[in-house]
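Structure first, commentary second.
The values are calculated or read from the model by the stated rules, or taken from the named source; none is laboratory data. Quick caveat: nothing in here was measured; it's all calculated off a predicted structure. Methodologically, a virtual Cβ is constructed for each residue, glycine included, from the backbone with ideal geometry; neighbour enumeration extends over all protein chains shown. When the accessible area is computed, the model is the full protein with side chains, heavy atoms only, and any ligands, DNA or RNA have been set aside. Shrake-Rupley method; radii C 1.70, N 1.55, O 1.52, S 1.80 Å.
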Amino acid sequence: MSTIIDVENTYTSGVYGKRPVAIVRGKGALLWDAEGREYIDCAAGHGVANIGHGRPEIAAALAAQAQRLITCPEIVYNDVRAQLLQRLIEITPEGLTHAFLCNSGTEAVEGALKFARLATGRTGIVATLRGFHGRSMGALSTTWEKSYREPFAPLIPDVKHIRYNDLAAAEAAITEQTAAIIIELVQAEGGVHVPQADYLAGLAALCRERGALLIVDEIQTGFGRTGALFACNHYNLQPDILCLAKSLAGGVPMGAICLGQRVMESGRITKGAHGSTFGGNPLACAASLATIDIFEREQLAPRAAALSTQVFERLRSWRSPLIREVRGQGLLIGIELTKRVQPYLEALCERGVLALPAGPTVLRLLPPLVISEEQINRALDIVADVLGIQETVETTQIDNPESESITPEVALLQSMLTISSLSGQEHSLAHYLAEQARSMGLHASVDEVGNFVASTHEDSTNTQPVVLLGHMDTVPGNIPVRIENGILHGRGAVDAKGPLAAFICATARLAQHGLPERPVVVVGAVEEEAATSKGARGVVNRYQPSACIIGEPSSSEGVTIGYKGRLLVEGCVSLPSSHSAGPERSSNEIAAHFWEQVRQHAATWNAEHAGNSAFASLQPSLRSINSTQDGMENQTHFLIGYRLPPGIEIAELRHQLQAWAYADEITLTIYGEEQPFQSNRSTPVARAFMKAIRGTGGKVTFKNKTGTSDMNVVGPVWGENIVAYGPGDSRLDHTPEEQISVAEYTHAIEVLEVVLSELTAQREITL
Ligand SMILES: *Cc1c(COP(=O)(O)O)cnc(C)c1O
């Protein structure tokens, strides 16, 4: 660590006062230094890390966007930028209709001042005592702190500072020459001062009356910090210009200036008025979109509000001559001391809490909004201790036995569950997995159909590898990701991110013991759930595997050797309208007759072939039937889904269906055909599983499934040395209770590691 500090001290400009700590890593509200010491982060990068550190969603969004397009100045349009502009206007306070994108808070303020002068044709700017708005010449002119401003005089002319929360002062200062007043909604750097609601309402009215604009600087208070997405929301305040930055893009540098009607209607914000090379770059826009998703999904603003109530209740119970006042809103927390704060900040740092000052005597706590109750209580314990507070109230210590036992392998699956990946939208997850697989020592990339592909060897296409084919996509329906009592909850835990994560971990473990003789390829396919099977179809002709394992839940002691096939039959009967009392059959009766023939045929087939076995039986189901009449025509539409057993002649079945349809003038569409596929328990891969599961003390069950999987797609081409395997209870597929036992997931990785070392040891093909 000392070398990092020495090198920085040698080459840095020297404008920053730093604590003697070199931070190298972060996760959530925790940070670690180069020596592995843990810190609770109560600074959050001055409010940049509201969503916490090390977020896989941001890493995935950045990785995916970096592969597509990083830079794209605003001489042309861009898809990601268009999306972000729209999202920003949707989530920011009412009345803001347009936005200019830039790269920092200072730039947002600088642009806001320019737009205000341009839109009003006036020069006067009013700012507030203790306000902080940044350090470039324009922004600095509005910042209050003398030591920041004076060395750089003369600054821009026509800027006045008035008392905050003082409406009379504003009435005196805002005139017909005033372009704008700029305020923070909680003065953060200046000591954590909260505004009065009537002050803000009065100020907004005053601005409107005098033709001046209201610029609200929410660079620090925005994005959930005060317990609302924007502090404006607490007061129903509609600024004319809103400045955003800090948490806007989850840690990536970005700023935004949102503009309201009064600015736009001036007609003066025209081409060439302002600009920025990096402004609105797709990389920052992608990070920002992912950040906004997180705010919505995890409801971080209400979370901050709830935690805030507990924190302030505790702080306000502290009695000490050292504490003058406790102030703040949400998780923007200020403790004003009667002494200088600097020595206490140093003591906190030594005790593992990173906190901030706000002026010379205020201790400011600005934790990530994802901080756990346990972590913030631990931080407050240390603050109390350092300030010498004797606490009178018992604090609730929630112990969380899970938190210390999360292994990197469990963390991988947990992160995968937080990245949404519906069919056709697996992009972010694919890039995230490629990145993770590389960090685990595998070769990894995203292929041309969008599949994630990782391999022990650089090139595996011509070598008859062992292929582990899982899938990335899940069905819709968000399930909050959490670990409780050894159970990991989340959409995809079972189907099929659990099996896919186990594939990646087992392959990485294998590779760590040296390169196996035969390569192992892990594929995370796209669109398995979509019935198009695009991912599996993309790889079926690329590899000639010696063995294949499909990633589907079978429980860690179960092995699936067969899947039924599928056929979908859509029919339509149209008849000219006639009186229902007439002798002719209606379209509904014709459709019902068709269904009756289908049922009879299946019953006969089953009596001859299947007996009572569900797997061996032909199972039609009437999925929908509905009719319409418009006075001209009566129509009946129906959809029948078949589960096809092994041994069924699909061509014959199609032929029979068409013949019935022809006789009754039904229009038929037959699609979604998947052949059934069944292997057996004496293949090398099945035997390897038997041995491995028994070796770990388990009892093997072989299963046949009545649904379909990618085995139906690749099995007919790759042959019978194939099984499906993965942790999880497949009855939880597609349910709101989707969850996986951490112990079972870990067991599956052990089993797979043994199976892979067995299958890769032989150079010769064993079939
Ligand atoms: C941090 C901050 C700024 C300056 O933002 P930078 O990104 O550091 O340029 C401006 N205004 C407020 C209220 C801030 O907290």
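Quick notes on this structure:
- Only a single criterion out of (1) over 22 Å from F278 (Cβ atoms); (2) in contact with a His (Cβ under 9 Å, 6 or more places away or on another chain); (3) surrounded by fewer than 15 Cβ atoms within 10 Å (Cβ to Cβ) is not satisfied by Q67, namely (1).
- Restricting region 209-222 to residues that are of a type outside the set (V, I, T), within 16 Å of the ligand (Cβ to nearest atom) and in contact (Cβ under 8 Å) with a residue 40 or more places away in the chain, the residue that is surrounded by the fewest Cβ atoms within 10 Å (Cβ to Cβ): Q220
- Hey, A108 open to solvent by less than 60 Å² (accessible area, probe 1.4 Å), in the same structural domain as S308 (by TED's automatic domain parsing), away from the ligand (no atom under 16 Å from the Cβ) and under 23 Å from L214 (Cα atoms) or not: no
- Among the residues of region 621-642, those that are touching a Phe, Trp or Tyr at 6+ places or on another chain (Cβ under 9 Å) and surrounded by 19 or more Cβ atoms within 10 Å (Cβ to Cβ) comprise F638, I640.
- Look at region 588-599: where a residue is buried (at least 17 other Cβ atoms within 10 Å of the Cβ) and a partner is among the hydroxyl-bearing types (S, T, Y), sitting 6+ places away or on another chain with Cβ atoms under 6 Å, you get N588/S627; N588/T636; A591/T636.
- Within region 152-208, restricting attention to residues that are open to solvent by 40 Å² or more (accessible area, probe 1.4 Å) and among the acidic types (D, E), the residue that is farthest from the ligand (Cβ to nearest atom) is E176.
- Residue count for region 653-667, restricted to those that are outside any loop (DSSP other than H, G, I, E, B) and over 21 Å from T604 (Cα atoms): 2.
- Unmet criterion (only one of (1) in the same structural domain as P646 (by TED's automatic domain parsing); (2) within 26 Å of S624 (Cα to Cα); (3) modelled with pLDDT under 95) for S533: (1)
- Verdict on A44 being at positive phi, of a type in the set (G, A, S), touching a residue at least 60 places away in the same chain (Cβ under 8 Å) and within 16 Å of the ligand (Cβ to nearest atom): yes
- Count - residues of region 234-266 that are over 11 Å from E94 (Cα atoms) and in a loop (DSSP other than H, G, I, E, B): 6
- Residue match in region 281-297 (condition: surrounded by fewer than 17 Cβ atoms within 10 Å (Cβ to Cβ) and assigned to a loop (DSSP other than H, G, I, E, B)): no
- Residue in region 77-92 that is in the same structural domain as L229 (by TED's automatic domain parsing), within 14 Å of the ligand (Cβ to nearest atom) and touching a residue at least 24 places away in the same chain (Cβ under 8 Å) present: no
- Within region 605-627, the set of residues being part of a strand (DSSP E or B) and either over 22 Å from D664 (Cα atoms) or charged (D, E, K, R) (or both) comprises Q619, R623.
- Residue count, region 306-330 (criterion: out of contact with any Lys or Arg (no Cβ under 6 Å at 6 or more places or on another chain) and under 24 Å from P368 (Cβ atoms)): 15
- Selected residue [open to solvent by 30 Å² or more (accessible area, probe 1.4 Å), assigned by TED's automatic domain parsing to the domain that holds S420 and within 30 Å of I294 (Cα to Cα)] from E458, E484: E484
- The set of residues in region 32-45 being in contact with a Leu (Cβ under 7 Å, 6 or more places away or on another chain) and open to solvent by 10 Å² or more (accessible area, probe 1.4 Å) consists of E38, A43.
- Residue satisfying condition, being away from the ligand (no atom under 16 Å from the Cβ) and either in the same structural domain as A287 (by TED's automatic domain parsing) or more than 21 Å from E218 (Cα to Cα) (or both), within set L140, L62, L129, L113: L62
- Just so you know, in region 533-553 the residues that are among the hydrophobic types (A, V, I, L, M, F, W, C) and crowded, with 24+ Cβ neighbours inside 10 Å include one that is farthest from N721 (Cα to Cα), and it is A536.
- Subset of region 223-233 [surrounded by fewer than 24 Cβ atoms within 10 Å (Cβ to Cβ) and either within 12 Å of the ligand (Cβ to nearest atom) or part of a helix (DSSP H, G or I) (or both)]: N233
- Single condition A602 does not satisfy, out of (1) assigned to a helix (DSSP H, G or I); (2) closer than 24 Å to L639 by Cβ; (3) in contact with an Asp or Glu (Cβ under 8 Å, 6 or more places away or on another chain): (3)
- Any hit, region 739-751, residues being surrounded by 20 or more Cβ atoms within 10 Å (Cβ to Cβ), assigned by TED's automatic domain parsing to the domain that holds S423, in contact (Cβ under 8 Å) with a residue 40 or more places away in the chain and within 17 Å of P545 (Cβ to Cβ): no
- Contact annotation: residue pairs with Cβ atoms under 8 Å, 6 or more positions apart or on different chains, pairing a residue in region 303-329 that is assigned by TED's automatic domain parsing to the domain that holds G227 with a partner that is open to solvent by less than 30 Å² (accessible area, probe 1.4 Å) and among the basic types (K, R), are A304/R225.
- In region 234-251, the residue that is surrounded by the fewest Cβ atoms within 10 Å (Cβ to Cβ) out of those that are within 13 Å of the ligand (Cβ to nearest atom) and of a type in the set (G, A, S) is G251.
- Of the criteria (1) assigned by TED's automatic domain parsing to the domain that holds E633; (2) open to solvent by 10 Å² or more (accessible area, probe 1.4 Å); (3) of a type in the set (V, I, T), which one V573 fails: (2)
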